[in-house]
Amino acid sequence: MPPPRRRPPSAADAAALRRPYLRLVALSSTLRHLDQILAVSLASGHYPLDPAPATSLLLRYASLRAPTGHLLRLFRGFPRPDRFLRNALLRSLPSLRPRLLFPCPDSFSFAFAATSLAGSCSRGGGAASSSAARALHALAVAAGYAADTFVASALAKLYFVLSRVDHARKVFDMVPSPDTVLWNTLLAGLSGSEAVESFARMVSDGSVRPDATTLASVLPAVAEVADVTMGRCVHAFAEKCGLAEHEHVLTGLISLYSKCGDVESARCLFDMMEKPDLVAYNALISGYSVNGMVGSSVDLFTELMTLGLWPNSSTLVALIPVHSPFGHDLLAQCLHGFVLKSGFTANSPVSTAITTLYCRLNDMESARKAFDAMPEKTMESWNAMISGYAQNGLTEMAVALFEQMLVLNVRPNPITVSSTLSACAQLGALSMGKWVHRVIAEEDLEPNVYVMTALIDMYAKCGSISEARRIFNTMDNKNVVSWNAMIAGYGLHGQGAEALKLYKDMLDAHLLPTSATFLSVLYACSHGGLVEEGRKVFRSMTDDYAINPGIEHCTCMVDLLGRAGQLKEAFELISEFPKSAVGPGVWGALLGACMVHKDSDLAKLASQKLFELDPENSGYYVLLSNLHTSKKQYSEAAVVRQEAKSRKLVKTPGYTLIEIGNKPHVFMAGDRAHPHSEAIYSYLEKLTAKMIEAGYRPETEAALYDVEEEEKEHMVKVHSEKLAIAFGLLSTEPGTEIRIIKNLRVCLDCHNATKFISKVTQRLIVVRDASRFHHFRDGVCSCGDYW
């Protein structure tokens with residue numbers, strides 16, 4: 001007789017077993033436990049009947065890091081998933097699956113979808129993620145959840161991950177009554193003064209009460225702007241609200257006071273803590289490091305270890321002296337050794353800090369080894385290495401690493417492209433800069449103010465000042481750095497009047513000028529010969545804005561007066577400067593002016609100061625020697641050259657770069673290594689003949705005194721600038737603009753020759769030398785022979 005058939009379980013049976021299933025799921029600690037529960041549930045037929053255990057099971061699988069495919073199979077195995085099960089899957093997936101929102105999404109659906117998308121964006125999503133975020137936002141608005149604080153918080157956080165601060169603000173502004181959580185999301189996403197202003201608005205509004213998370217979010221922003229007065233106000237507010245004893249707030253205050261330079265107050269707060277935890281130790285260690293108190297940070301780290309607290313990645317990042325690395329090479333190696341022995345090499349923040357430290361010590365080989373040893377490179381790791389190359393002048397390696405990053409499908413963020421643009425600006429590689437600009441457009445990074453500012457800087461330094469201004473004009477949210485970059489660009493191109501006009505526009509826009517603003521304006525005045533205007537700006541800096549002049553400002557003023565021939569006033573002004581503001585740059589500017597105006601007596605005095613302050617710089621010896629040679633003081637010139645030789649100083653070799661068809665070509669004086677050198681020299685002979693017919697005469701004053709005049713003419717004729725221009729003329733169509741970059745200041749003869757070349761060839765020739773841009777057209781230079 002066959003055994004009786006088992007009755008399939010009913011909904012009532014499933015309901016009766018719900019509690020045991022939920023308890024078993026909660027007690028499971030491994031994926032194997034969950035697999036056993038799932039197997040029993042499927043075999044008994046209970047799994048498809050009750051969504052509550054299925055939802056609990058899916059969430060527990062997700063918490064134990066089950067593969068995404070497994071989670072999707074669990075979901076699909078349920079015939080009629082309810083809203084809770086859908087939301088559980090949305091919450092658990094590492095990337096967004098839009099179809100899960102339908103057919104009936106609620107506020108949890110949109111919030112979990114936004115959180116899921118933010119997770120995938122943080123791993124690199126580019127323009128596609130930005131489009132998906134906008135689509136999700138549009139669906140939430142259409143479904144009537146635009147004013148829901150839970151949804152708005154998740155959407156705002158998503159936009160902050162995408163660096164779309166403007167969109168995050170719009171999400172916030174669409175909520176008529178934001179709650180504390182939404183305010184906290186806004187404060188955590190904003191930076192610096194924007195976060196501080198929003199916190200002040202929240203407090204004055206009075207509709208919601210700030211909590212400990214609010215203060216923990218705003219304190220880092222106050223620290224970022226280094227406003228210790230505002231920090232004390234927030235501290236007082238925390239005391240008034242009874243939140244000052246909260247450990248997160250207390251730690252935030254320690255960090256704030258440290259970063260504002262008030263280490264004494266930070267230590268006082270630390271000592272008030274009955275039992276400081278590791279986070280508090282980390283905050284104070286970081287504070288010591290930021291303030292250059294490396295010994296104190298190491299002592300505190302030793303104390304921490306003595307107490308039996310094991311450091312985490314934040315401890316090591318705080319301890320690594322990236323802010324004051326110089327003189328701590330041995331400490332860097334010891335810390336790197338500790339990191340290796342303690343197994344922290346797999347930790348990206350620690351490895352990134354080690355990489356940054358080596359970059360700042362200019363030990364790029366060790367930096368690259370630390371970078372290559374990282375098993376998983378984060379965006380911060382790529383940024384540290386690319387910016388390290390750019391800041392140490394290894395610009396081609398910075399661009400090459402950026403290209404490698406794109407090949408590996410790692411999507412750049414605003415910091416990445418800003419560092420790469422800086423490298424392009426240093427190289428003067430316009431075609432490469434335009435390529436990075438296209439990448440920026442593809443990744444939808446153009447709305448970022450820092451990226452746009454970097455583009456302005458790049459185009460200005462690559463010779464395209466009109467494109468820099470076009471980008472500046474399209475910016476909706478210019479900050480003071482954007483204005484400074486554009487003003488500095490005009491100064492670099494010798495357009496002093498335009499720079500002053502833009503400075504006035506900036507003041508009219510009620511932006512407060514910074515020390516960098518005044519430096520840009522003074523530089524523009526110096527290179528535009530605007531002496532009286534420069535004097536007014538220099539006085540205004542101290543009288544109207546209480547900004548003390550630094551070395552760079554004083555150098556600009558000496559340069560401004562010296563270029564205008566007012567050498568006596570420039571010398572007297574130096575004596576009025578504070579000692580801290582008088583460095584090699586100031587005396588170097590005076591020596592350069594003496595060279596232009598042939599004042600050998602004052603040049604001797606300036607050079608004597610320079611030989612004391614910067615004895616290893618060969619350029620000053622060259623300048624003084626050339627000045628003596630130009631005045632036919634050959635014995636004095638010989639003494640200077642002999643002194644340089646006895647010190648074993650070597651003059652920086654001059655070279656000129658020109659890009660033809662996106663390929664760089666580099667020339668040195670008398671260079672015959674180029675494959676087209678024969679054609680270049682032949683063309684240069686014919687070109688020189690035409691120039692002489694037009695009135696050109698070689699300037700040979702600074703050439704070596706112990707050779708014949710004919711030989712001097714040959715020496716200046718084969719300077720690298722002329723070779724590069726000749727190659728450019730040979731390689732391009734008539735009427736095409738020629739752009740070259742010289743690593744040193746262009747010499748008098750090459751400057752004069754380029755004017756004649758532009759006249760006889762009817763070409764616009766743009767030359768970037770060590771100090772500025774020169775635009776040669778129809779025999780006239782934009783600098784007005786004032787460089």
### Message
Need a quick list: helices (runs of 4 or more DSSP H) entirely within the range 246-314 having at least 2 residues that are at pLDDT below 90 and under 31 Å from the mean Cα position of the chain (by Cα).
### Response
247-259, 278-290, 294-306
### Query
Going through the range 649-661 one residue at a time, which ones are open to solvent by 90 Å² or more (accessible area, probe 1.4 Å) and in a loop (DSSP other than H, G, I, E, B)?
V650, K651
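Yes/no matrix, rows are residues, columns are (1) under 44 Å from the mean Cα position of the chain (by Cα); (2) open to solvent by 70 Å² or more (accessible area, probe 1.4 Å); (3) without any contact (Cβ under 8 Å) to a residue 24 or more places away in the chain; (4) not assigned by the TED database to the domain that holds S607:
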site: R647; (1), (2), (3), (4): yes, yes, no, no
site: K663; (1), (2), (3), (4): yes, yes, yes, yes
site: T688; (1), (2), (3), (4): no, no, no, yes
site: M691; (1), (2), (3), (4): no, no, no, yes
site: A694; (1), (2), (3), (4): no, no, no, yes
### Query
Any residue in the range 555-569 that is in a helix (DSSP H, G or I), farther than 24 Å from A606 by Cβ and either under 28 Å from the mean Cα position of the chain (by Cα) or of a type outside the set (G, A, S) (or both)?
no
### Single residue of V596, V622 found to be of a type in the set (A, V, I, L, M) and open to solvent by 70 Å² or more (accessible area, probe 1.4 Å)
V596
### Task
Provide a single number: the residues in the range 159-169 that are part of a helix (DSSP H, G or I) and open to solvent by 30 Å² or more (accessible area, probe 1.4 Å).
6
### Query
Which residue out of V436, V410 is free of Cβ contacts under 8 Å to residues at least 40 places away in the same chain and either more than 27 Å from H493 (Cβ to Cβ) or in a helix (DSSP H, G or I) (or both)?
V436
### Task
Report, by residue number, each residue of the range 284-323 that is open to solvent by 30 Å² or more (accessible area, probe 1.4 Å) and either in contact with an Asp or Glu (Cβ under 7 Å, 6 or more places away or on another chain) or under 11 Å from L357 (Cβ atoms) (or both).
V317, H323
## Note on the structure
Restricted to the range 735-782 and to residues being without any contact (Cβ under 8 Å) to a residue 24 or more places away in the chain and over 13 Å from G463 (Cα atoms), the residue most open to solvent (accessible area, probe 1.4 Å) is R777
### Task
For F172, state whether it is free of Cβ contacts under 8 Å to residues at least 60 places away in the same chain and open to solvent by 30 Å² or more (accessible area, probe 1.4 Å).
no
### Query
If you take the residues of the range 178-208 that are at pLDDT 90 or above and part of a loop (DSSP other than H, G, I, E, B), which of them is nearest to L445 (Cα to Cα)?
P178
### Message
Looking at A429, A468, A454, A425 in this structure, which one is within 19 Å of the chain's Cα centre (by Cα), open to solvent by less than 20 Å² (accessible area, probe 1.4 Å) and touching a residue at least 60 places away in the same chain (Cβ under 8 Å)?
### Response
A429
### Message
Given the condition modelled with pLDDT of 80 or more, surrounded by fewer than 19 Cβ atoms within 10 Å (Cβ to Cβ), more than 30 Å from N409 (Cβ to Cβ) and not hydrophobic (A, V, I, L, M, F, W, C), answer yes or no: does some residue in the range 36-50 qualify?
### Response
yes
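The values are calculated or read from the model by the stated rules, or taken from the named source; none is laboratory data. Note that the coordinates shown come from a computational prediction; the quantities given were computed from them, not determined experimentally. Backbone-built Cβ (ideal geometry, glycine too); neighbour counts: all protein chains shown. In case anyone asks, the SASA skips ligands and DNA or RNA and just uses the protein heavy atoms, side chains included. Shrake-Rupley method; radii C 1.70, N 1.55, O 1.52, S 1.80 Å.
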